[in-house]
Amino acid sequence: MVSEEDSASQVYRRNTGRFWLVDPLDGTKEFIAGNGEFTVNIALIEDGHSVLGVVYAPAIDALYYGGAGLGAFRCIGGQTTAIKVAAAQTGRACRVVASKSHLNDATRSLIDCLGEVSLVQAGSSLKFCRVAEGEADIYPRLAPTCEWDTAAAQAVLEGAGGAVVNLHGLPLRYGKAEVLNPSFIATRNTALMPARSK
């Protein structure tokens, strides 16, 4: 098991084999603000891929889990339902989910390339979950994140039919030599990626 809070565990973070990747508190600023939009993230990494993810928001008692080929699910108030990314709809503004705490100029510039948009704000890895449950279409992130910030939610979004890719269109990988992720776009469909990011 590799945890953000346990530096000694980093020796197990490698690009072959299997390990659990845990972020005990994603969304520290949201936790401090008391808005409830922080999560616990747990992902199973296999040969560099996030194959199973669990995202739990304890303050709002919302649980998301899934993986590619496994589907994706949301449990709120004891009720579990399957979730899927939204289908394409003509005439609707692109619903962009953006960070409440980390919306920088580079991300704003990319959002400007999407045309008509409506902004959906969320904290922590719940941004991925908004796309996974069909409440948003795309989440661009051109600011630093680490592997434990994204792995669990990437698996959930992929299970719901979406994708998490770098600006070259390649899926994020885990167990890299560097724990930092590249800039990425989480989306219901990679066709939504603006031309400048491809």
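Among the candidates THR150, THR107, single out the residue that is surrounded by 15 or more Cβ atoms within 10 Å (Cβ to Cβ), touching a Phe, Trp or Tyr at 6+ places or on another chain (Cβ under 9 Å) and of a type in the set (S, T, N, Q).
Selected residue: THR150, the only one of THR150, THR107 that is surrounded by 15 or more Cβ atoms within 10 Å (Cβ to Cβ), touching a Phe, Trp or Tyr at 6+ places or on another chain (Cβ under 9 Å) and of a type in the set (S, T, N, Q).
Give the residues of the stretch 30-71 that are under 16 Å from ALA163 (Cβ atoms) and open to solvent by 60 Å² or more (accessible area, probe 1.4 Å), sorted by residue number.
Scanning the stretch 30-71 gives HIS49, ALA68, GLY69, LEU70.
Which condition from (1) within 18 Å of ALA155 (Cβ to Cβ); (2) of a type in the set (A, V, I, L, M); (3) open to solvent by less than 80 Å² (accessible area, probe 1.4 Å) is the one that VAL117 breaks?
That leaves (1) as the condition not met.
Do the conditions hold for ARG74, that is, is it among the basic types (Lys, Arg), open to solvent by 20 Å² or more (accessible area, probe 1.4 Å) and free of Cβ contacts under 8 Å to residues at least 24 places away in the same chain?
no
Is one or more of the residues making up the stretch 4-18 open to solvent by less than 50 Å² (accessible area, probe 1.4 Å), part of a strand (DSSP E or B) and at pLDDT 95 or above?
No; the residues of the stretch 4-18 include none that is open to solvent by less than 50 Å² (accessible area, probe 1.4 Å), part of a strand (DSSP E or B) and at pLDDT 95 or above.
When you look at PRO144, is it open to solvent by 40 Å² or more (accessible area, probe 1.4 Å), over 18 Å from ARG74 (Cβ atoms) and either out of contact with any helix residue (DSSP H, G or I) (no Cβ under 6 Å at 6 or more places or on another chain) or not in a helix (DSSP H, G or I) (or both), yes or no?
Details: open to solvent by 40 Å² or more (accessible area, probe 1.4 Å): yes; over 18 Å from ARG74 (Cβ atoms): yes; either out of contact with any helix residue (DSSP H, G or I) (no Cβ under 6 Å at 6 or more places or on another chain) or not in a helix (DSSP H, G or I) (or both): yes.
Yes.
The values are calculated or read from the model by the stated rules, or taken from the named source; none is laboratory data. Given the structure is predicted, the values throughout are model-derived calculations rather than measurements. Neighbour counts run over all protein chains shown; Cβ positions are idealised from the backbone, glycine included. Note: areas computed on protein heavy atoms with side chains; ligands, DNA, RNA excluded. Shrake-Rupley method; radii C 1.70, N 1.55, O 1.52, S 1.80 Å.
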